[in-house]
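Below is one structure, written out as structure tokens, with a few remarks after it.
Bear in mind that the values in this text are calculations on the coordinates, not laboratory data. As the structure is a computational prediction, the values presented were derived from the model and not from experiment. No Cβ is skipped: glycine too gets one built from the backbone with ideal geometry, and neighbour counts run over all protein chains shown.
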Amino acid sequence: MKRVLDARMTRRELLRNSAMFGAATFAVTTLSACGLGKKSSESNKIVIGAFQDNALAPLRDTFFKRFTDETGIKVQYNETNYDSWYQNAKNDGLNKTGAYDIYIMDDNWVPEFAAAGILIDLEAAGLKPNPDLLENGLNQGYWPPKVGPRLKDVANDEPKLYALPIDDDVQMLYYNSDQFSSAPTTWDEIFAAMKDKADPPNMYGWTIRGVKGNPIVQTYLPVLNSYGGAFANDDWTPGFDGAEGVAALERIFSFIPYMPRGIVEFDTDQEIQVLLQGQSLALTEYTGLTQRIDDPESSTVVGKIDCAATPAEEKSGPAIGIFNAGIPPSAPNTDGAIQFLDWFTSDDVQLDFAKTGSAAVTRKALTDPSAISEARWLPAMADAVDNSTPKPRTPDEPKMEDILGTELNKALVDAIGANGKYGGIAQKHLSAAADQMTSYLQQQGGYY
Amino acid sequence: MAGEAISVQGRARVAGRAIATGSPYLLIAPALLFMAAVSVYPLFYGVRASLAEYKYGRELGFQGLDNYRRVLADDVFWQAMYVTLRFVLIAVTLETILGVALAVLLSRDLRFAGLIRTGLIIPMTVAPVVVGIVWRLIYASDVGIVNPLFRVAGLTPPDVLSHGTSAFLGLVAVDVWEWTPLIMLIVLAGLHGLPREPIEGARVDGASELRVFFDHTLPLVRPVLLVAIILRTIDAIGTFDQVFVLTKGGPGTSTQLIAIYGYNTAFRFSQYGQASAMMLLVLIGMSVLLVAAIRTIRGAAKKATGAA
């Protein structure tokens, strides 16, 4: 040993040893990259990837275990934040990594993922959708879309089912039943109630998500749809810069004196906190909030928040944002994944899912008296899904949403600063958003 | 026989010389390969991506300079560039002034100087995302502490994140809070290395402290200060985490820095080609800025050496 330690290396030995070390390192890394350490693809296991959301908690905490108990197929559930999971899923699909058997997706991912070929046609793979699935929820899994405008290059294609709904997340009206004798059905009723009962900062009349982008668009859509406007018309022209869109935005502006300070910076957490602390008459939100309204750790008004369809002007028009599950072509266990989707959307499982208060995807589950006795909001969910309006079904929807959401946010800032004199603000910003969106879609091609 | 021996010796000498010449290159080859893998390849890939057309995340092929044309015609890009330059200019200027002032203060024989120095560098050791979360809570109009402080002082609460100008200034304040200590540390190190003679000489001659600072200390420390400013400028152009957590670029586009817009373009709108073109244009702009700055540093260093 001493001899080895004392030995001095000649330059030639140093070079030779370095070369051998380099070659060995290269060989090890290359071989690992080529898949010598290949992942296992057990037939009794499926890997599901998802983003974190309250609405998915019952699925994660209860139903995976039950699936394993009933079928012997283990479920590995990888949950991360929304943006990271979108990228992970897309990269996995594009690169055919095969790390996942099922992607849980927001509904607006389906057009991009399906068009990019990173989801399989579920019916061709042997899945027969439960005929009791709510139609508006099921439609979100088809590409090209069954209803609404289509991109030119898929205008004549037969719609195929690329994703199955697992949670019919949709917007509802949440209202404090201490402040209303029955569910308000129109925006006028809501406005009259806030003029009569709101006393900021002790009790606000309304609260919203005002952050630019997706949050404020979600605030605007149920009002816009109810006034007869649309995010995009059937010919892809913007449907929000006309009289209906302006009236809808000015309706939101009229709530400003009755809303908390700083709504421009409010996202879901701040918005629902106001309601759950008993400081707001009402708001519109997605179904995930039902998991918290009766939780004493989250709410000081347990049992007092009720749900109904979002208010109407011409009609009720909640936005739908369901969670879908799709299978990539590279899934190591496609059969297990199909089996899970079939099992989870079956009548019995959906009934138990509804009993957890979740947005079940079948009509029977949402209208079952035993489920309603445990979750009073289920009929409102079914009603909301039936009345819902989908966002534009195109891979360019995120950019369209960003354009509209940025101008809506600017409009809100201007309206707050205008101290009630907001005439012209809505039209100015909605027209700006419409111009930008038209120009963007023209640049992208395939729309006009 | 003798000739053969000479020839063998000659060959050995040639081989030895070749090894002597080549071995340094062989020895640095692994490091060069590593650098090429982590630095040059991504840059090459970025250039390639900026010239390619993408649809639904898939590369469709070469499309020339179309992505660059689209970026240069995009009003939001120019708006983001304007916001970024304004942010960098204001933040780095404030950080430089405060950093130099703190460094000069701490270079004196203060009691508890070590403790104060440690306290001052804490902000820059905190992860930017955490900094964003903490300041979001401080600024929040509902649970934050800024609005109540203004109320106590009898002023109208500013709702920092609800207005374009206040959100922008709020963002600048966060950056100044976090990164002033970096400039302070670099300048402090520079101050410790300065020759004492010219400064002490000026004091003996009766110059005021202010005069000593502007006429002697600042010119001597200028090369170090410029390095600090360049480092901060490069870093500030790429500011992302704090904005992402605090404002997401809003209200409107008032805090939408180029890094946020680039991220959205690539990862939310799936426009990889345009995002690559955008970032390469920023890189070119930064490189021009860097070359100019390095030339200035060299000039300043020569001047300072001459003056000393």
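Of A:ASP414, A:ASP61, A:ASP402, the residue with the greatest mean-square motion in the GNM of chain A, using alpha carbon springs below 10 Å, is A:ASP61.
With 27 Å as the limit on Cα-Cα distance, the pairs of A:LYS128/A:LYS355; A:LYS160/A:LYS391; A:LYS96/B:LYS55; A:LYS152/A:LYS410; A:LYS160/B:LYS248 that go past it are A:LYS152/A:LYS410; A:LYS160/B:LYS248.
For the protein assembly as shown, what is the Kirkwood hydrodynamic radius in Å, using each pair of distinct C-alpha atoms? Mind showing how you got there, number by number?
Working: mean 1/r = 0.0332 Å⁻¹.
The Cα-based Kirkwood calculation yields 30.1 Å.
In whole angstrom, how far apart do the alpha carbon centroids of region B:24-52 and region B:133-212 sit? Region B:24-52 and region B:133-212 have Cα centres separated by 39 Å. Legend: helices of chain B (whole DSSP H runs) are marked when their alpha-carbon atoms reach 20 angstrom or more along the helix axis and their mean Kyte-Doolittle hydropathy is at least 0.5; marked are B:2-35, B:75-106, B:164-192, B:218-237, B:272-307. Between B:ILE294, B:ALA167, B:HIS192, the Cα set farthest toward the positive side of the dipole of region B:67-307 (charges on each charged residue's Cβ, about the Cα centre) is that of B:ILE294. Rounded to the nearest 10 degrees, the angle from helix A:214-226 to the longest Cα principal axis of chain A is 40 degrees. Our note on the geometry: Cα centres of region A:118-167 and region A:82-110, 17 Å apart. Of the peptides B:200-207, A:291-298, the ranking by mean beta-carbon count within 10 Å, highest at the top, reads A:291-298, B:200-207.
When the P(r) is computed for region A:33-138, the part past 22 Å accounts for 40% of the Cα-Cα pairs. Based on alpha carbons, the Rg and Dmax found for chain A are 25.9, 95 Å. For peptide B:134-142, the mean count of partner chain Cβ atoms within 10 Å of a residue's Cβ comes to 3. Quick check: the angle from helix A:82-95's long axis to the longest principal axis of chain A, C-alpha only, nearest 10 degrees? Once rounded, one gets 50 degrees. Compared with the direct C-alpha span, the chain from B:ALA292 to B:LEU149 gains 47.1 nm at full extension, assuming 0.36 nm per residue. Of the residues B:TYR261, A:TYR103, B:TYR56, the one with the fewest other Cβ atoms within 10 Å heads the list, and the complete ranking is B:TYR56, B:TYR261, A:TYR103. Neighbours of A:MET259 by Cβ distance under 15 Å: Lys/Arg scored +1, Asp/Glu scored -1, total -3.
Expressed in nm², what is the orientationally averaged projection area of the convex hull enclosing the Cα positions of chain B?
Details: hull surface 112.8 nm².
The Cα convex hull of chain B, projected and averaged over all directions, gives 28.2 nm².
By the Stokes-Einstein formula, at 0.890 mPa s and 25 °C, region B:6-73 with its Kirkwood radius over alpha-carbon pairs has D equal to 153 µm²/s.
Annotation for region A:238-297 versus region B:57-129: alpha-carbon center distance of 35 Å. Using only side-chain charges placed at the Cβ, +1 for Lys and Arg and -1 for Asp and Glu, the dipole size of region B:67-307 relative to its Cα centre rounds to 400 debye. Partner aspartates and glutamates whose Cα lies under 12 Å from the Cα of A:LYS45, excluding those fewer than 8 positions away in the same chain, are identified as A:ASP101, A:ASP335.
Rounded to whole Å, the principal axis extents of the Cα atoms in region B:99-147 read 44, 23, 19, largest first. Evaluated with a Cβ-only charge set (Lys, Arg +1; Asp, Glu -1), the protein assembly as shown carries a dipole of roughly 4700 debye about its Cα centre, given to the nearest 20.
Helical runs assigned H by DSSP (4 residues or longer) give chain B a calculated mean residue ellipticity at 222 nm of -24000 deg cm²/dmol, each run adding -39500 (n - 2.57) before division by the residue total. The antiparallel fraction among DSSP beta bridges confined to the protein assembly as shown stands at about 70%. The angle between the Cα long axis of helix A:425-444 and the main principal axis of chain A comes to about 30°, on a 0 to 90 degree scale. Straight Cα distances below 14 angstrom link A:LYS399 to the aspartates and glutamates A:GLU112, A:GLU407, A:ASP435, B:ASP74, with same-chain residues fewer than 8 positions distant left out.
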